[in-house]
Amino acid sequence: MPTLLEGESAPHADERVPGGLALIGSSLATVGIAAVIAFYLLPVGFGLTGATLVLAQVAAMLLCAAIVASSTIAVRRHHRHRAALAAVAETLGWEFRTDIGDRVWGGSIDEQIDRGARTARDHLDARHAALPFDSIERTFVVGDREGATMHTVRAVRIPLPSEAPRITLRSRRGGGALSVLPRRPTGASRIRLEGDFSDVFEVSVPAGYETDALYVLTPDLMVVLLDQSADLDLEIIDSTLHVYFPAVDLTDDEELRAFLAVIAALYDRFGRRTMLYHDEAAEPLDPASYRRDGDTLADRARGVDTRVRWWPVLLAVATPLVPMLIAVVWLHFVG
């Protein structure tokens, strides 16, 4: 696989930005709306005249100009970044897709967030490369209405040589994908590992698979995790390692090198530890039967018990009541 060598820069995108006609159309529509406000709504609807009308018209046109300028800058920046990412993928021999539609990615985000509240874009596919992985930028919404929060992560899937029980590693530094989801593993599913590893990661496994987790999470692997990914969330699901990065700019040379270094370290170490793993509780397979994900695992090995995080729910319920509470307090003090 081609790699980004030390001192080598990622390719830069062409300065031409697609979507110019759509941008012009939206800008003209905004100008039209501003014209209606300035020359009809203000003098006719509000009855403004004289200097007041002129000042209001100038303010409306300036606001229109600001909206058009900010939209243009944002659209150009987005298209330029996407073109640069596509150029990086082409240079490194990866496939690039701007959108993967409704394909199921897998992992806790798909399990806990409704399809309408999550998006996936900018897919980098290097599954046939020497360092196999694929990655997308995932944006998802947690909660409803006033209490909803939006989060963006760079999700990575790394193939493993064999299936292993579900193991969830949530960074205690917070802010990662597994920290903001509506559900978290229960206290009964957590295990504590040697040294200070459990002070950095919250480790959760299926009931009865504590010893199996120790087979995978050996001291040498824990050292790699502490050195390379202490601020990341990870989870093993069947024969895939899911890694959740923050929203990184892979068109930046340093961020791209760091991104690939982490993936390479995790692919090597997790691959070694899962290669010979076998679930003794799994039912024997018929060699002639059709293979599916999880066939070499017992059903209870594929899931971790979870519980609802109540404080986001309470926040979503309480947020609409804040203005009412402020009004009640204000009326109380003013009599």
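The values are calculated or read from the model by the stated rules, or taken from the named source; none is laboratory data. Treat the numbers as computed from the prediction; the structure is a model and nothing was measured. Ideal geometry is used to build each Cβ from the backbone, glycine not excepted, and the neighbour counts take in all protein chains shown. With ligands, DNA and RNA removed, areas are computed over all heavy atoms of the protein, side chains included. Shrake-Rupley method; radii C 1.70, N 1.55, O 1.52, S 1.80 Å.
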Which is touching a residue at least 24 places away in the same chain (Cβ under 8 Å), within 30 Å of GLY303 (Cα to Cα) and exposed (fewer than 15 other Cβ atoms within 10 Å of the Cβ), of ASP99, ASP114?
ASP99
Output the strands (runs of 3 or more DSSP E) that fall wholly within the range 64-172 and possess 1 or more residues being within 30 Å of ARG307 (Cβ to Cβ), of a type in the set (Lys, Arg) and in contact with a Phe, Trp or Tyr (Cβ under 6 Å, 6 or more places away or on another chain), or say none.
118-125, 149-171
Enumeration of residues in the range 235-268 that are open to solvent by less than 20 Å² (accessible area, probe 1.4 Å) and aromatic (Phe, Trp, Tyr)
TYR244, PHE245, PHE259
Yes or no: VAL216 in contact with a Phe, Trp or Tyr (Cβ under 9 Å, 6 or more places away or on another chain), closer than 26 Å to HIS123 by Cα and of a type in the set (Val, Ile, Thr)?
no
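Please specify each residue of the range 76-134 satisfying the condition of being of a type in the set (D, E, K, R) and within 15 Å of the chain's Cα centre (by Cα).
Those that are of a type in the set (D, E, K, R) and within 15 Å of the chain's Cα centre (by Cα): ASP99, ASP110, GLU111, ASP114, ARG115, ARG118, ARG121, ASP122, ASP134.
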Counting only residues in the range 292-302 that are at pLDDT below 90 and either in contact with a strand residue (DSSP E or B) (Cβ under 9 Å, 6 or more places away or on another chain) or assigned to a helix (DSSP H, G or I) (or both), the one most open to solvent (accessible area, probe 1.4 Å) is identified as ASP293
Determine if the range 212-234 includes at least one residue that is open to solvent by 20 Å² or more (accessible area, probe 1.4 Å), touching a strand residue (DSSP E or B) at 6+ places or on another chain (Cβ under 7 Å) and of a type outside the set (D, E, K, R).
no
Is the range 197-206 home to any residue that is over 30 Å from HIS81 (Cα atoms) and open to solvent by 40 Å² or more (accessible area, probe 1.4 Å)?
yes
